[in-house]
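Visitor: Handing you this structure, nothing more for now.
The values are calculated or read from the model by the stated rules, or taken from the named source; none is laboratory data. Remember, it's a predicted structure, so these values are computed and weren't measured experimentally. With ideal geometry, Cβ positions are generated from the backbone for all residues, glycine too; neighbour counts draw on all protein chains shown. Please note that ligands, DNA and RNA were not included when accessible areas were found on the heavy atoms of the full protein model with its side chains. Shrake-Rupley method; radii C 1.70, N 1.55, O 1.52, S 1.80 Å.
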Amino acid sequence: MSDLVHPEWLDLVWVAVDSRGRLAALITAGQGPIAEGALPTLDPVGEWLDDLPERCGVSPDDAHEAFASYARKGVFVFDWSDVHRVDGLLDAYELMAAPETPIRFTDIPAEIAAAIRLTTLGLDFAERQTIDPRPLTPCLEHPED
């Protein structure tokens, strides 16, 4: 059993890689599950992501700026949108924006790649509207209220 604890109510961004070597930013909204492998690397990966230059357009065109800013950097963006719902909960991260030209795992610095490799998910981000990482990798979950 892990000694790690979910940083509840902190809106964090963690990064994962898909089966095709593309990256996604998963935004917890303070409640979404976090891959255990991502927790020790949140700071360096987050700083790298924040410093990454824009490289492409985004789909959909009207994506909220908070999500579009990451997608323009080449990463898919999924948000734990259940935090805003009162019914019809997804219990998964929901796709908010997709890059027109995704950045590849092989195109990123080795030290960042080594950190992100810990959060490889066996799926294709481009084919998903939602992602539940819990069956794919050990995750920390928000404690029940």
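Visitor: Mind checking the per residue accessible area of the chain for me, 1.4 Å probe, whole number of Å²? Present the calculation step by step, with values, prior to reporting the outcome.
Guide: Details: 7470 Å² over 145 residues.
On a per-residue basis, 52 Å².
Visitor: Rg over Rh of the stretch 20-90, using C-alpha atoms and the Kirkwood radius, what does it come to?
Guide: Details: Rg = 13.3 Å, Rh = 13.5 Å.
We get a ratio of 0.98 for the stretch 20-90.
Visitor: Could you work out the pair-distance distribution P(r) of the stretch 7-145 from its alpha-carbon pairs, with 5 angstrom bin width and percents rounded to whole numbers?
Guide: All Cα pairs considered, the percentages come to 2, 11, 22, 26, 22, 13, 4, 1, 0.
Visitor: Here's something else I'd like to know. Quick check: residue separation of Ala126 and Asp51 times 0.36 nm, minus the Cα distance between them. What number comes out in nm?
Guide: Values: separation 75, 0.36 × 75 = 27.00 nm, distance 2.36 nm.
Gain on extension, Ala126 to Asp51, equals 24.6 nm.
Visitor: Based on alpha-carbon centroids, what's the gap between the stretch 82-122 and the stretch 29-66 in Å, whole number please?
Guide: Value for the Cα centre distance between the two parts: 7 Å.
Visitor: For Arg20, what residues show an amide H to amide H distance below 5 Å, using hydrogens built from the backbone and excluding near sequence neighbours?
Guide: Phe125
Visitor: On to the next question. If you roll a 1.4 angstrom probe over the protein chains with everything in place, what fraction of the accessible area of the stretch 14-145 belongs to carbon and sulfur, to the nearest %? Intermediate results must be reported in sequence, preceding the final value.
Guide: Working: 3070 of 6320 Å².
Answer for the stretch 14-145 is 49 percent, counting heavy atoms of protein chains only.
Visitor: Related question: Ranked highest first by average number of other Cβ atoms within 10 Å, how do 33-43, 127-137 line up?
Guide: Details: 33-43: 18.5, 127-137: 15.0.
The densest-packed peptide leads the list: 33-43, 127-137.
Visitor: Please give, to one decimal in nm, the separation of the simple spin-label points placed at Ser69 and Val86, each 7 Å out from Cα toward the Cβ.
Guide: 3.0
Visitor: Quick check on packing: order 50-62, 89-101 by the mean number of other C-beta atoms within 10 Å, highest mean leading. Kindly include the intermediate steps, with their values, before the conclusion.
Guide: Values: 50-62: 12.7, 89-101: 18.2.
By packing density, highest mean first, the sequence is 89-101, 50-62.
Visitor: Let me ask something additional. Got a sec to turn the phi values of the stretch 65-70 into Karplus ³J(HN,Hα) couplings, 6.51 cos²θ - 1.76 cosθ + 1.60 with θ = phi - 60°, whole Hz, x for Gly and Pro?
Guide: For the stretch 65-70, the Karplus-derived couplings read 4, 4, 8, 4, 4, 6 Hz, x marking Gly and Pro.
Visitor: List the residues whose amide H sits under 5 Å from the amide H of Met96, counting only those 5 or more places along or on another chain, with H placed 1.01 Å from N in the peptide plane.
Guide: Under 5 Å from the amide H of Met96: Val77, Phe78, Asp79.
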